[in-house]
């Protein structure tokens, strides 16, 4: 049963945008796919979160207003309160 759950979860991580926090503070990120509601998550210092952007999405740091738009999954980094596509 656990093995099945692992194999189902792995493709979701492979097809996800990674958001890496290189700063020393916790940030709240909001993300959404076109036409959908915002999803809010906290990201710890030096932590990583994943968001499904396979068909495009918008990501924004709530505290600073910095945002990026992705056409597909990719890598995003937070440095000094600014989101940057890697």
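The values are calculated or read from the model by the stated rules, or taken from the named source; none is laboratory data. What you see is a predicted model, and the numbers here were worked out from it, not measured in a lab. Because the Cβ atoms are built from the backbone with ideal geometry, glycine has one as well, and the counts that use them run over all protein chains shown.
May I ask you to verify whether residue 26 is modelled with pLDDT of 95 or more and surrounded by fewer than 16 Cβ atoms within 10 Å (Cβ to Cβ)?
Numbers: modelled with pLDDT of 95 or more: yes; surrounded by fewer than 16 Cβ atoms within 10 Å (Cβ to Cβ): yes.
So residue 26 passes the test.
Yes or no, residue by residue, for (1) over 12 Å from residue 31 (Cα atoms); (2) in contact with a helix residue (DSSP H, G or I) (Cβ under 6 Å, 6 or more places away or on another chain); (3) free of Cβ contacts under 8 Å to residues at least 12 places away in the same chain; (4) assigned to a strand (DSSP E or B):
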{"position": "45", "(1), (2), (3), (4)": "yes, no, no, no"}
{"position": "49", "(1), (2), (3), (4)": "no, no, no, yes"}
{"position": "53", "(1), (2), (3), (4)": "no, no, no, no"}
{"position": "58", "(1), (2), (3), (4)": "no, no, no, yes"}
{"position": "64", "(1), (2), (3), (4)": "yes, no, no, no"}
{"position": "68", "(1), (2), (3), (4)": "no, no, no, yes"}
{"position": "73", "(1), (2), (3), (4)": "yes, no, no, no"}
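If you filter region 53-81 down to residues that are under 9 Å from residue 17 (Cβ atoms) and within 11 Å of the chain's Cα centre (by Cα), you find that the one that is surrounded by the most Cβ atoms within 10 Å (Cβ to Cβ) is 53.
Could you tell me which residue of region 34-44 is farthest from residue 19 (Cα to Cα), considering only residues that are surrounded by fewer than 18 Cβ atoms within 10 Å (Cβ to Cβ) and in contact with a strand residue (DSSP E or B) (Cβ under 6 Å, 6 or more places away or on another chain)?
38
Report whether or not residue 30 is in a strand (DSSP E or B) and either within 14 Å of residue 73 (Cα to Cα) or touching a residue at least 60 places away in the same chain (Cβ under 8 Å) (or both). Taking the combined requirement at face value, the residue does not satisfy it.
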